[in-house]
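See structure below.
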Amino acid sequence: MAENQKTSSLADPGALRELLTRHGFQFSKAMGQNFLINPSVCPRMAAACGAEECVGVLEIGPGVGVLTWELAQVAKKVVAIELDSRLFPVLEETLRGQGNVEIVQGDVLKLDLHALIQEKFGGGPVCVCANLPYYITSPVIMGLLESGLPLRSLTVLVQKEAAQRLCAPPGTRECGTVSVSVQYHSQPELLFQVGRGSFLPPPKVDSAVLRLQMRASPPVQVADEAFFFRVARGAFSQRRKTAANAVSAALGVPKPRVQQALLAAGAKENARAEQLTMEQFAALSNALRGAQ
Ligand code: SAM
């Protein structure tokens, strides 16, 4: 019970300010430090992240440990990567008594996560749960999806616009290269929205929690994965052009050849990238393979 009181007080703006002042801590905008002060968000994220199906949970950016504490209640083990070493004495205080939590100092984009998961989780499987620093949302999510790491799912709090883009199915207006990659590697689901007032300091935009459930196998068959993503990137590289023009320019394939492949894939020859489905991207890349 006492531990529960500690968590809710961590999500309380007054108590958080007192804690940070006592440690002489100043927020760093450059490190995307917007700490959660809405007590309902972390328990919901912890409940949704699927900790019970994993050897443990990997958190990115624990801050003062408000989500870490909740994860420690549901996971066998929590390893949290924090870049800002000024937070270490704070975390030592807030996570005291949580024997299943380990903090690792480092930049999530630079650490060898294969080695870390092997060492800390015996090879996994692992769930990722994080309130991500907004300035590295896409590289972190894309990096994790494409890493081949033994991950079950990613449950992440990101800016609402990013969440919508990441979850947009191919064939819809908001879709982009990242949506194709997300759908290829996972099944995305927007879980709930989190208002800007839920953070200290408040960011300029609202946020949302999304869960990406990793797929056991891709939803479409592609002969060459790297080429499939080059075609998708090329198609979205010039959004105002037709997919045939954009792909032709990006890959150096004659436009009639791309148009022919689009028609064979069941798309219109003047379709734009956001009108193409996953299956059509797969058929297009399979047809153009070796055409350069
Ligand atoms: N989890 C806390 C919460 O919900 O209140 C803090 C979230 S805050 C949005 C992002 C956290 O990520 C900060 O603690 C920040 O220092 C940390 N961070 C920023 N860049 C990082 C990086 N490259 N690698 C690891 N942690 C990073």
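The values are calculated or read from the model by the stated rules, or taken from the named source; none is laboratory data. Model, not experiment: these values are computed from the prediction. Cβ atoms come from the backbone with ideal geometry, glycine included; neighbour counts cover every protein chain shown. Just so you know, the surface numbers come from the protein's heavy atoms only, side chains and all, with ligands and any DNA or RNA stripped out. Shrake-Rupley method; radii C 1.70, N 1.55, O 1.52, S 1.80 Å.
The phi-based Karplus calculation (6.51 cos²θ - 1.76 cosθ + 1.60; θ = phi - 60°) puts the 3J(HN,Hα) values of the range 251-258 at 9, x, 9, x, 4, x, 5, 5 Hz, whole numbers, x for Gly and Pro.
Average accessible surface for the range 1-145: 43 Å² per residue, computed with a 1.4 Å probe over protein heavy atoms with every protein chain in place. Just check the range 225-288 against the gyration tensor rule for me: Cα atoms, a ≥ b ≥ c as the square roots of the eigenvalues, rounded for a/c under 1.5, and otherwise prolate or oblate depending on whether a/b exceeds b/c. Since a/c stays below 1.5, the shape of the range 225-288 is classed as rounded. Solvent-accessible area assigned to carbon and sulfur over the range 77-180 amounts to 48 percent, based on a 1.4 Å probe. Whole-Hz Karplus values for the range 142-150 come out as 5, x, 5, 4, 8, 6, x, 5, x Hz, taken residue by residue from phi with 6.51 cos²θ - 1.76 cosθ + 1.60 and θ = phi - 60°; glycine and proline positions read x. Could you list, in their original order, any pairs among 110/160; 160/204; 29/110 whose Cα atoms are separated by more than 18 Å? In this structure, 110/160; 29/110 exceed 18 Å between Cα atoms.
Excluding residue 75 itself, calculate the net charge of residues whose Cβ lies under 11 Å from the Cβ of residue 75, where each Lys or Arg counts +1 and each Asp or Glu counts -1. Intermediate values should be presented prior to the final figure.
Values: positive: 76, 77; negative: 52, 53, 59, 70.
In short, -2.
Cα extents for the range 116-210 along the principal axes, largest to smallest and rounded to whole angstrom: 39, 36, 21. Between amide H atoms placed 1.01 Å from N, distances below 5 Å from residue 186 occur with 215, all of them 5 or more places distant or on a separate chain.
Can you compute the charge dipole magnitude of the chain about its Cα centre, using +1 on each Lys and Arg Cβ and -1 on each Asp and Glu Cβ, nothing else charged? Give it in debye, rounded to the nearest 20.
Details: 29 positive and 25 negative charges, 226 e Å.
Result for the chain is approximately 1080 debye, rounded to the nearest 20.
The longest stretch of the chain left intact once loop-based GluC sites (Glu not before Pro) with at most 15 other Cβ atoms within 10 Å are removed from consideration, loops following DSSP, is 1-173.
Here's how it looks for residue 153: its modeled amide H is under 5 Å from those of 128, 214, which are all 5 or more places away or on a different chain. Peptide packing for 202-209, 214-221, 233-240, 179-186 was compared via the average number of neighbouring C-beta atoms within 10 Å per residue; ordered from the highest value, the list is 179-186, 233-240, 202-209, 214-221.
In sequence order, the range 198-215 has phi-based couplings of 7, 10, 10, x, x, x, 7, 10, 7, 10, 8, 9, 10, 10, 10, 8, 5, 7 Hz under the Karplus curve 6.51 cos²θ - 1.76 cosθ + 1.60, θ = phi - 60°, and Gly or Pro positions carry x. Here's how it looks for residue 56: its modeled amide H is under 5 Å from those of 127, which are all 5 or more places away or on a different chain. In straight-distance terms, cross-link reach from residue 76 covers every one of the lysines whose alpha-carbon lies under 23 Å from its own, apart from those fewer than eight places away in the same chain; here that gives 6, 120.
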